Amino acid sequence: MSDVFEVRRGSSPVVLGFPHTGVDVPADIRERLNDNGLKLADTDWHLHRLYEGLLRNATIVRATFHRYVIDANRDPEGISLYPGQNTTTLVPLTDFDGQPIWKEGAEPTEADIIARRDAFHRPYHAALAAEVERVRAEHGVAVLYDCHSIRSLIPFLFEGRLPDFNIGTDGGVTCDAAIEAATVEASAAAEGYTHVLNGRFRGGWTTRHYGRPRDNVHAIQMELAQVNYLATETVPFAYDEARADQVRAPLKTILERIEQVAFGLKR
């Protein structure tokens, strides 16, 4: 096991990726963060806990480092996922509100970015790629379900309140239409929740990089509004058991539907 990622192997054709739940920041990097950066506000707080046990035998690959160290869901070459829109970079300079996270004069250099890419980004994705390939070899098909969450109100990134379930397939490119349809249908059937397909979040680098339906590798991103399982979307970002239990039910249904479709796609 690595010190930058965790892997739990399962026998399902579904792999769950968690690139943004880690909170580990090496001391030499932590000391360069300003007070705002030290809040680690843009974490996908407690998301791996929320998904725990929802899909029996799913493989789990989770980054343990924080996205301020380097963002495991950004193009390693630094190419923007959303050209022309506000977003954060491979190694973020600001938080999701557009506020600086580094002390003045301590911003990451190009050399820092290269070093972090080699030490964190590449090992995580090497592990993820290996598990996706292992699952495909076993089943003839693999589905990477990339797990994300974000505050429901972030004016710097999007207008208004974010829908509860934000499904991303990069316009249907990254997975079979049946997987997309099953996810949308299960989300739409979740009473009391809203959903959108390929809205503000249409799939990050992970989804776009791994999703190769012609090669029997499918990828889909779920960006969940944190209001659905946190007591508050501000410090201390506490987990709310009651809210979490409610949203776990539709998430479980979504994962089970995806797995069912995946077995039908076996070649």
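The values are calculated or read from the model by the stated rules, or taken from the named source; none is laboratory data. This is a predicted model, so every value here is computed, not measured. Neighbour counts run over all protein chains shown; Cβ positions are idealised from the backbone, glycine included.
Yes/no matrix, rows are residues, columns are (1) of a type in the set (Lys, Arg); (2) at pLDDT below 95; (3) surrounded by 19 or more Cβ atoms within 10 Å (Cβ to Cβ); (4) within 30 Å of residue 259 (Cβ to Cβ):
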{"site": "61", "(1), (2), (3), (4)": "no, no, yes, yes"}
{"site": "68", "(1), (2), (3), (4)": "no, no, yes, no"}
{"site": "90", "(1), (2), (3), (4)": "no, no, yes, no"}
{"site": "103", "(1), (2), (3), (4)": "yes, no, no, no"}
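Can you tell me which residue is farthest from residue 13 (Cα to Cα) among those in the range 218-267 that are β-branched (Val, Ile, Thr) and in a helix (DSSP H, G or I)? Spell out the reasoning first.
Kept after step one, since they are β-branched (Val, Ile, Thr), are these residues of the range 218-267: 220, 227, 232, 234-235, 247, 253-254, 258, 261.
Then drop every residue that is not in a helix (DSSP H, G or I), which leaves 227, 247, 253-254, 258, 261.
Details: 227: 30, 247: 23, 253: 16, 254: 14, 258: 9, 261: 10 Å.
Step by step, filter the range 218-267, then rank; the result is 227.
Quick check: anything in the range 183-194 surrounded by 22 or more Cβ atoms within 10 Å (Cβ to Cβ), within 17 Å of the chain's Cα centre (by Cα) and in a helix (DSSP H, G or I)? Outline the logic, then answer.
Step one: list which residues in the range 183-194 are surrounded by 22 or more Cβ atoms within 10 Å (Cβ to Cβ), which gives 183, 187.
From the residues that got through so far, the ones that are within 17 Å of the chain's Cα centre (by Cα) too are 183.
This time we only want the ones that are in a helix (DSSP H, G or I), so: 183.
Among the residues of the range 183-194, at least one is surrounded by 22 or more Cβ atoms within 10 Å (Cβ to Cβ), within 17 Å of the chain's Cα centre (by Cα) and in a helix (DSSP H, G or I), which makes the answer yes.
Working only within the range 148-183, note down all residues that are at pLDDT 95 or above and of a type in the set (Asp, Glu).
Listed by number, the residues that qualify are 164, 170, 176, 180.
With the checklist (1) small (Gly, Ala, Ser); (2) touching a Lys or Arg at 6+ places or on another chain (Cβ under 6 Å); (3) farther than 16 Å from residue 14 by Cβ in hand, flag the one item residue 186 doesn't pass.
The number of the failed condition is (3).
Is it the case that residue 206 is surrounded by fewer than 17 Cβ atoms within 10 Å (Cβ to Cβ), among the polar types (S, T, N, Q) and touching a residue at least 12 places away in the same chain (Cβ under 8 Å)? Before you say what the answer is, go through the steps one by one.
On the way: surrounded by fewer than 17 Cβ atoms within 10 Å (Cβ to Cβ): no; among the polar types (S, T, N, Q): yes; touching a residue at least 12 places away in the same chain (Cβ under 8 Å): yes.
For residue 206, the condition - surrounded by fewer than 17 Cβ atoms within 10 Å (Cβ to Cβ), among the polar types (S, T, N, Q) and touching a residue at least 12 places away in the same chain (Cβ under 8 Å) - is not met.
Would you check if there is a residue in the range 184-205 being touching a His at 6+ places or on another chain (Cβ under 6 Å), modelled with pLDDT of 95 or more, more than 13 Å from residue 251 (Cα to Cα) and not hydroxyl-bearing (Ser, Thr, Tyr)?
No, that holds for no residue.
Are there any helices (runs of 4 or more DSSP H) wholly within the range 23-117 with 2 or more residues that are out of contact with any strand residue (DSSP E or B) (no Cβ under 7 Å at 6 or more places or on another chain), and if so which? Explain how you work it out, then say what you get.
Numbers: elements: 27-30, 47-51, 110-116.
Answer list for the range 23-117: 27-30, 110-116.
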